[in-house]
Each structure stands twice: as structure tokens, then as C-alpha cells.
Amino acid sequence: MGTYAVTGSASGMGRAASERLRANGHTVVGVDLRDADVVADLSTAAGRARASAAVLEVAGHRLDGAVLAAGVGPTPGPDRPRLILETNYRGVVELASAWRTALAATGKAKVVVVSSNSATTVPMVPRRAVRALLSDDLDGALRSTRVFRHAAPAMAYAASKIAVSRWVRRQAVTPQWAGQGVRLNALAPGAVMTPLLEKQLATPREAKAIRGFPVPIGGYGDSDRLAEWILFMLSDAADFLCGSVVFVDGGSDAYFRSDQWPTAPSLTETPRYLWRLRRFGTGY
Ligand code: NAI
């Protein structure tokens, strides 16, 4: 039986995944603002440092897997964009990075980062915000989202999910992650009926946008069903899964972006492709 770290373990998908892992006989070290083995605020640097160290101590510096599900939604509020970026981006990247050696210690650990289909279905997300996040320039990312005024939380949310997905894809294939046997992947749900979504549905403007959003299969996702996807991505079935962003969203991403992906590398991308082809195996 294994040991798993789960952030956001007190509610929604993180809670459902924790319950399933425990029911299967695993040890779960849950991290959340309340009702968790490690109570910490992942929107602050001190909280993240404390949480990552406390989990390592409880887990004896060996982790079979991790689920990074803690996150906040794009509900309105003046300080909301910063909270979103701190929690949804840094709360994932800093903890996953801090746990990498403990994950490598168990041979074929799996990490599931809970992203969102907001990463591909929200238009006009400033690229500069995503670039800034990936360079850990949170203030720069905030400046790029602030110009959207009342839509700033939605832009910060989508930017956080694009950046975290890209971080997963960049890191997953490196000698530090894949080379150490750690499978790093992201799950991208659509609207799932959890307290996070309920808060959004309680805001008239957001409720209208959510209810009018195209979901080809209809309805909302269910946190228990999404937890089954998380467990699948933690299981041996995922031994060959690396750097994938798995959409479980009722078809919204396919509806909007059917022709954007998959595509062959374009002419302008080809030199970089060839460069990577040659560099593989040299510690890239
Ligand atoms: P939820 O609100 O039910 O659970 C999120 C958990 O994260 C809560 O227990 C909360 O206390 C914790 N959390 C929030 N801020 C924290 C902080 N600063 N420090 C420590 N813990 C903190 O939400 P849900 O829906 O289960 O969300 C899980 C993940 O799924 C989030 O990353 C969210 O962005 C993502 N997601 C949710 C969707 C939805 O429609 N519910 C859709 C797509 C992605």
C-alpha cells in the first residue's frame, strides 16, 4: 500500500480522491485550510513551505503519488486574482517541486495536477500573464490581468490553469521527472458540481455564463466520477502516461478546439523540433 499527498483534501475532487485512496488501503496525507492532516494556507509562501515540509515529514520522505487539487475559482473580488495565482499556480508548482525527490524515491510515482478546461476554452487570456507566471513573475501576471477589470478573476484563473498545464508538460519529460520514474500529468475537468462551482453559480453573472456554456454531453461533472479518473491516473494503468493533459469535460474543449490539436509541428516549429530530436538523451 502506498502513501499519497493530496492538496485540497477537505472538499470536492481532492476529498473524493482522498476517500477513495483511503478506502483502497493507502495512506493519505491531506493538505487544506481546515479538516486536514496538514492545515496550511497554500496562497502564502510560508504556508506552502510549511505544508511541503510537513507532508515530507509525515510521509517519511517517500511518496507513491500526489494529487494537487487545492484551488480557488474565478469568483469576483478585488484581491481575487492574486489569491488565484498564488493558490492555483504556486500552490501546485512549489509543492510538486518540493516533493519530487520523495516521489523519485519510490520508483514509479504518479502526480496528478488538477488543471481545468478553462485552459483552452476561455478566449483572450493574456499570453503575457502566462509567460510571467512560468517565469515566476506573479506581479507581472497580475498587471496583465488587471486591465480586464471585472473579468480579471476569470483571466487570472484561466492563466493559472494554462501556466500550470504548461509547467506539467515542460517538466514531465525532463530527466528530473521522467528520468527519475515520476509520471507527471494533468487532469482538465469541465464544470464539476463541487462547492467551488456552487459558489460561482451563486453569482448571477457567472451563473448565466456557466449555464449557457456549451457542454455537448450535457450537465455537470460529478466529483466522485472525477476522483475515479484521478485514481486511474495514479494507478499502474498510467505507467506510460507522461506530460498528458486529460480532458474530462463533457466535450467543451473538443467543441471549441477540434481542429487546433492534434497538429503536426508547423514549418516555424520544425527547427526547434529537430533541435529537440537531436538533444534527446543528452540531459536536455
Ligand atoms: P472545492 O472548493 O470543492 O475544493 C478545493 C479545496 O481546495 C477546498 O477544500 C479548499 O479549502 C482548498 N483550498 C483552497 N484554497 C486553499 C489554500 N489557499 N490553501 C489550502 N487549501 C486551499 O473545489 P473543487 O471543484 O474540488 O476544485 C478542485 C480543483 O479542481 C481546483 O484546482 C479547481 O480549480 C479545479 N477545477 C474545478 C472545476 C469545477 O467545476 N469544480 C472545474 C475545473 C477545474
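The values are calculated or read from the model by the stated rules, or taken from the named source; none is laboratory data. Here the structure is a predicted model, which means the values were calculated and not measured. Here the Cβ is made from the backbone with ideal geometry for all residues, glycine too, and neighbour counts use every protein chain on show.
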Q: Select from the stretch 178-211 the residues that are within 18 Å of the chain's Cα centre (by Cα) and within 12 Å of the ligand (Cβ to nearest atom) and list them in ascending order.
A: ALA186, LEU187, ALA188, PRO189, GLY190, ALA191, VAL192, MET193, THR194, PRO195, LEU196, LEU197
**Q.** The listed residue being within 20 Å of the chain's Cα centre (by Cα), more than 23 Å from SER115 (Cβ to Cβ) and surrounded by fewer than 18 Cβ atoms within 10 Å (Cβ to Cβ), out of ALA49, ALA45
**A.** ALA49
Q) Among the residues of the stretch 51-71, is there at least one that is out of contact with any strand residue (DSSP E or B) (no Cβ under 6 Å at 6 or more places or on another chain), without any contact (Cβ under 8 Å) to a residue 60 or more places away in the chain, within 14 Å of the ligand (Cβ to nearest atom) and not in a loop (DSSP other than H, G, I, E, B)? A) yes
(Q) Checking LEU187 against (1) surrounded by 11 or more Cβ atoms within 10 Å (Cβ to Cβ); (2) assigned to a helix (DSSP H, G or I): exactly one of these is not met. Which one? (A) (2)
Q: Kindly list, by first and then second residue, each pair from a residue in the stretch 247-272 that is under 17 Å from ILE210 (Cβ atoms) to a residue that is modelled with pLDDT of 95 or more and of a type in the set (Gly, Ala, Ser), limited to pairs with Cβ atoms under 6 Å and residues at least 6 apart or on different chains.
A: ASP249/GLY190; GLY250/GLY190; SER252/GLY190
Q.
Suppose we keep only residues that are of a type in the set (Ser, Thr, Tyr) and within 14 Å of the ligand (Cβ to nearest atom) within the stretch 135-164. Which one would you say is surrounded by the most Cβ atoms within 10 Å (Cβ to Cβ)?
A. SER160
(Q) Tell me whether the stretch 117-125 contains one or more residues that are under 16 Å from the mean Cα position of the chain (by Cα), part of a loop (DSSP other than H, G, I, E, B), of a type outside the set (D, E, K, R) and crowded, with 20+ Cβ neighbours inside 10 Å. (A) yes
Q. Under the condition of being without any contact (Cβ under 8 Å) to a residue 60 or more places away in the chain, within 14 Å of the ligand (Cβ to nearest atom) and touching a Leu at 6+ places or on another chain (Cβ under 9 Å), which residue from the stretch 88-134 is farthest from GLY65 (Cα to Cα)?
A. ARG90
Q. Do you know which residues across the stretch 133-165 are within 11 Å of PRO81 (Cα to Cα), among the aliphatic types (A, V, I, L, M) and in contact with a Ser or Thr (Cβ under 9 Å, 6 or more places away or on another chain)?
A. ALA141, ALA151, ALA152, ALA154, MET155, ALA156, ALA158, ALA159
Q: Kindly check whether there is at least one residue in the stretch 212-235 that is hydrophobic (A, V, I, L, M, F, W, C), within 16 Å of the ligand (Cβ to nearest atom), without any contact (Cβ under 8 Å) to a residue 60 or more places away in the chain and not in a loop (DSSP other than H, G, I, E, B).
A: yes
Q | Which listed residue, of ASP79, ASP35, is surrounded by fewer than 18 Cβ atoms within 10 Å (Cβ to Cβ), acidic (Asp, Glu) and within 24 Å of GLU228 (Cβ to Cβ) | A | ASP35
Q | Residue check, ALA5 more than 8 Å from the ligand (Cβ to nearest atom), in a strand (DSSP E or B), within 16 Å of THR101 (Cα to Cα) and modelled with pLDDT of 95 or more | A | yes
Q: Under 7 Å between Cβ atoms, at least 6 apart or on separate chains: pull out the pairs that start in the stretch 195-206 with a residue that is of a type in the set (Ser, Thr, Tyr) and end on any residue that is more than 8 Å from the ligand (Cβ to nearest atom).
A: THR203/THR75; THR203/PRO76
Q) Of the residues that make up the stretch 243-250, is at least one touching an Asp or Glu at 6+ places or on another chain (Cβ under 8 Å), in a loop (DSSP other than H, G, I, E, B) and surrounded by fewer than 19 Cβ atoms within 10 Å (Cβ to Cβ)? A) no
(Q) SER118 - would you say it is of a type outside the set (A, V, I, L, M, F, W, C) and in contact with a Phe, Trp or Tyr (Cβ under 9 Å, 6 or more places away or on another chain)? (A) yes
